[in-house]
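One structure is given here, and the rest of the page talks about it.
The values are calculated or read from the model by the stated rules, or taken from the named source; none is laboratory data. Computed from a predicted structure; not experimentally measured. All Cβ positions, even for glycine, are placed from backbone atoms using ideal geometry, and neighbour counts span all protein chains on display.
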Amino acid sequence: MIPASFEYSSPSTLAEAIALLQQHGEDAKILAGGQSLIPLMKLRMAAPKHLIDINGIGDLSYIRESGGYLTIGALTRESDVDGSQLIRDKYPILSDTAGVIADPIVRNMATVGGNLAHADPANDHPATMLALGAEVVATGPGGQRTIALTDFFTGLFTTALNADEILTEIRIPTPAAGSGGAYLKVERKVGDFATAGVAAQVTLDGDTVRGAGIGLTNVGPMPIKATRAEQALVGKPANDANIKEAARLAAEDSEPSDDLRGSADYKRSLVRVLTTRALRQAISRARGGH
Amino acid sequence: MKISVNVNGTPREADVEPRLLLVHFIREVLNMTGTHIGCDTTSCGACTVLLDGRPVKSCTVFAVMANGRDVMTVEGLEKDGKLDRIQDGFHEEHGLQCGFCTPGMMMTGYSLLKNNPSPSEADIRWAISGNLCRCTGYVNIVKSIQHASQKPAQ
């Protein structure tokens, strides 16, 4: 399959890339890993007139902790997240997530920024980033601004980014002591999108839940933050009855539709089961287990 | 657009349309047909090549994205008339039936052994989880990579 023709630029600095976005406006698309965009272009579901390839911009790929945040450069490859010892040790929910995106070969190109900016509700990072309370940095002609993930997704494949802005960094608040998280995904086979996925992050104070974040993958037109389920846990003991009640609410707040991956009822049931399991694992990790 | 790609150690220059996929550049511009096109939808991994040493699906990369970078294809495995250990492994362990997935399987296996010289069976199955064999010959493919892992790298 051959994509429609386009003009191509490969700027070497962020400033050049932003100037190109200003010049071409809505006709331009950013090309990062290309693992979502290129398939869409081959199917002619996307036909941007101008591609701005940011792979040659050097300082957009990093994973580091600073100032109370884990910061991830938008161009960081999923395989680098998956292989990061820092993330494996301190942010296992992110290892869980990067390790189930597409397949190991696709992950060598696919980027964290692209997984978010593409705003496909079937992508895996949005749920995890919602659970972690992340924000993204958007860089445009006027400089940088941060956007909370809860404000980032505005519809199917659409985000709060302006046409002349690039998502340049993801910032995740360093979890307090006694925190743990997990991401669970049911997929028909390696490489498929989630039939359903659930991200859960908790902070415990003894046996009491002090904070909870729950995100849902591919069970609605946008990534879903299961706010009622989170609220059902905070201030309560981290026990099975409360986990099950949270899971029930998460399933209730999901908006799945029937498709080739299963019926809406089946997917809602999956959300309930996966939320239960993800919360159990998150609580176990918060207590120092695996 | 004029590009220069270092393919199997040799700089190759061409004037290409930006929409040309890397796999078409390799097969149709360079006439190197060892790299196969299978699904053309980023699923099967038959088109796997190494880009700066990492396996990628060349049906989902534009040739212009490889400008100034290193590409290694299945033709680059053999050195001075001697097969690479991964090729020997597939030969010795009957790691192919129809052979269509083989170039991609070997590039993925080659890359795995560079990063993990003594992979477990689970490591191998993980590494090739983005490469499909429609003959379902996975048992012998795993054995082939294990065979290669027991030989010294060239």
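Given the condition assigned to a loop (DSSP other than H, G, I, E, B), more than 13 Å from the chain's Cα centre (by Cα), surrounded by fewer than 18 Cβ atoms within 10 Å (Cβ to Cβ) and acidic (Asp, Glu), answer yes or no: does some residue in the range B:79-91 qualify? Yes, some residue in the range B:79-91 is assigned to a loop (DSSP other than H, G, I, E, B), more than 13 Å from the chain's Cα centre (by Cα), surrounded by fewer than 18 Cβ atoms within 10 Å (Cβ to Cβ) and acidic (Asp, Glu). Kindly check whether there is at least one residue in the range A:53-66 that is at pLDDT below 95, away from every other protein chain (no Cβ under 11 Å), within 19 Å of A:Leu94 (Cβ to Cβ) and out of contact with any helix residue (DSSP H, G or I) (no Cβ under 8 Å at 6 or more places or on another chain). Taking every residue of the range A:53-66 in turn, at least one turns out to be at pLDDT below 95, away from every other protein chain (no Cβ under 11 Å), within 19 Å of A:Leu94 (Cβ to Cβ) and out of contact with any helix residue (DSSP H, G or I) (no Cβ under 8 Å at 6 or more places or on another chain). Restricting attention to the range A:1-32 and to residues that are surrounded by 22 or more Cβ atoms within 10 Å (Cβ to Cβ) and facing chain B (nearest Cβ under 9 Å), the residue that is farthest from A:Asp59 (Cα to Cα) turns out to be A:Pro3. Of everything listed in (1) surrounded by 19 or more Cβ atoms within 10 Å (Cβ to Cβ); (2) under 17 Å from A:Thr111 (Cα atoms), the single unmet condition for A:Met41 is (2).
Count, please, the residues in the range A:211-248 that happen to be hydrophobic (A, V, I, L, M, F, W, C), closer than 16 Å to A:Leu270 by Cα and part of a helix (DSSP H, G or I).
We begin by selecting, within the range A:211-248, every residue hydrophobic (A, V, I, L, M, F, W, C); these are A:212, A:214, A:216, A:219, A:222, A:224, A:226, A:229, A:232-234, A:238, A:241, A:243, A:246-247.
If we keep only those that are closer than 16 Å to A:Leu270 by Cα too, we end up with A:214, A:216, A:219, A:224, A:226, A:229, A:243, A:246-247.
Going one step further and asking which of them are part of a helix (DSSP H, G or I), we end up with A:229, A:243, A:246-247.
Adding up the residues that qualify gives 4.
Report whether or not A:Met41 is over 19 Å from the mean Cα position of the chain (by Cα) and away from chain B (no Cβ under 11 Å). No. For A:Lys90, are the conditions met, namely being more than 10 Å from chain B (Cβ to nearest Cβ), surrounded by fewer than 21 Cβ atoms within 10 Å (Cβ to Cβ) and more than 21 Å from the chain's Cα centre (by Cα)? Criteria not met by A:Lys90. Restricting the range B:27-58 to residues that are in contact with a strand residue (DSSP E or B) (Cβ under 7 Å, 6 or more places away or on another chain) and of a type in the set (A, V, I, L, M) leaves a set whose member that is farthest from the other protein chains (Cβ to nearest Cβ) is B:Leu30.
Please go through the range B:6-21 and give me each residue that is within 14 Å of chain A (Cβ to nearest Cβ), in a strand (DSSP E or B) and buried (at least 17 other Cβ atoms within 10 Å of the Cβ), ordered by number. Residue satisfying the conditions is B:Leu21 alone. Confirm whether B:Gln97 is more than 14 Å from every other protein chain (Cβ to nearest Cβ), closer than 29 Å to A:Lys189 by Cα and without any contact (Cβ under 8 Å) to a residue 24 or more places away in the chain. No; evaluated as a whole, the condition is false for this residue.
Candidates in the range A:102-114 are the residues that are in contact (Cβ under 8 Å) with a residue 40 or more places away in the chain and not in a loop (DSSP other than H, G, I, E, B); of these, the one that is nearest to the other protein chains (Cβ to nearest Cβ) is A:Val106.
For first residues located in the range A:263-290 and over 14 Å from A:Pro92 (Cβ atoms), partners that are of a type in the set (Lys, Arg) and not in a loop (DSSP other than H, G, I, E, B) and lie 6+ apart or on another chain with Cβ distances below 9 Å form the pairs A:Arg272/A:Lys244; A:Arg272/A:Arg248; A:Leu274/A:Lys185; A:Thr275/A:Arg248; A:Thr276/A:Lys244.
Being at the interface with chain A (Cβ under 10 Å from one of its Cβ atoms) and within 21 Å of A:Lys42 (Cβ to Cβ) is the filter here; which residues of the range B:67-81 pass it? Selection gives B:Asn67 alone. Pairs linking a residue in the range A:47-66 that is acidic (Asp, Glu) to a residue that is in a strand (DSSP E or B), with Cβ atoms under 6 Å and 6 or more positions apart or on different chains, are A:Asp53/A:Leu31. Taking the criterion of being over 17 Å from B:Cys44 (Cα atoms) and either outside any loop (DSSP other than H, G, I, E, B) or in contact (Cβ under 8 Å) with a residue 12 or more places away in the chain (or both), the residues of the range B:112-139 that qualify are B:Leu112, B:Leu113, B:Lys114, B:Asn115, B:Pro117, B:Ser118, B:Pro119, B:Glu121, B:Ala122, B:Asp123, B:Val139.
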